[in-house]
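Asker: The following block contains the structure, expressed as structure tokens.
The values are calculated or read from the model by the stated rules, or taken from the named source; none is laboratory data. All of these numbers come straight from a predicted model, not from anything done at the bench. Note that we place each Cβ from the backbone using ideal geometry, even for glycine, and neighbour counts take in every protein chain shown.
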Amino acid sequence: MVQKDGNPSVLSNSTLPYRDIKPTGAAGFYLGINATFRFIHDTYGAEALRQYWRDLGSRYFAPVSKIWSEGGLAGVGRYWRDFFGAEPGAEVAVTSEFDRVIVQVARCPAIQHLKNSQREIMPDFCEHCYWVSRAIGQASGISLVVRGGNGTCRQEFFHSCAGEVQKLEDIARCS
């Protein structure tokens, strides 16, 4: 495998900052995050879950925030192409326009795996895409709007100064 910056755990042809070098993710991970989200929600409440997602975005995904800060919208597009390229079962188109990056999810790998595994999906599961990405983008002035969910959605990333605001009711609850 090709290495980046002498670190054997990061591939040079990818913007993904993870230590994992396998070419695709493990779908079983989706079962774990669904259960984790439900536990936090049911034990500590909806706001605690949103804070958990914000913390993931600002802390764990800090390397992604750096990519977005340095690369702007082009960095956002590269990241999402690499991300979904490594997700098993994803059917996603990432396109760049003058003032935004559009991530059109035709088949969400997480939702599909949870449904195939006959798991009860945490109803607010799709909100994590918004809260995590919002936190990633804050340091770089990148914001987003998510519409849809429960297996298909459209995520639009743009400079925060565009003034667009997320309406949480535009994110579908999962069933």
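Asker: Out of all the residues in the range 100-125, which are at pLDDT below 95 and of a type in the set (Gly, Ala, Ser)?
Answerer: 110, 117, listed by residue number.
Asker: Looking only at the range 141-175, count every residue that is over 15 Å from the mean Cα position of the chain (by Cα) and either surrounded by fewer than 20 Cβ atoms within 10 Å (Cβ to Cβ) or of a type in the set (Ser, Thr, Tyr) (or both) and tell me the total.
Answerer: 16
Asker: Got a sec? Which helices (runs of 4 or more DSSP H) wholly within the range 33-140 have at least 1 residues that are surrounded by fewer than 15 Cβ atoms within 10 Å (Cβ to Cβ), small (Gly, Ala, Ser) and out of contact with any Phe, Trp or Tyr (no Cβ under 8 Å at 6 or more places or on another chain)?
Answerer: Of the helices (runs of 4 or more DSSP H) lying wholly inside the range 33-140, those with at least 1 residues that are surrounded by fewer than 15 Cβ atoms within 10 Å (Cβ to Cβ), small (Gly, Ala, Ser) and out of contact with any Phe, Trp or Tyr (no Cβ under 8 Å at 6 or more places or on another chain) span 46-55, 62-85.
Asker: Just wondering, is there one or more residues in the range 87-102 that are within 21 Å of residue 66 (Cβ to Cβ) and among the hydrophobic types (A, V, I, L, M, F, W, C)?
Answerer: Yes, because at least one residue in the range 87-102 is within 21 Å of residue 66 (Cβ to Cβ) and among the hydrophobic types (A, V, I, L, M, F, W, C).
Asker: Could you list, in sequence order, all residues of the range 126-175 that are among the aromatic types (Phe, Trp, Tyr) and over 19 Å from residue 81 (Cα atoms)?
Answerer: Selection gives 131 alone.
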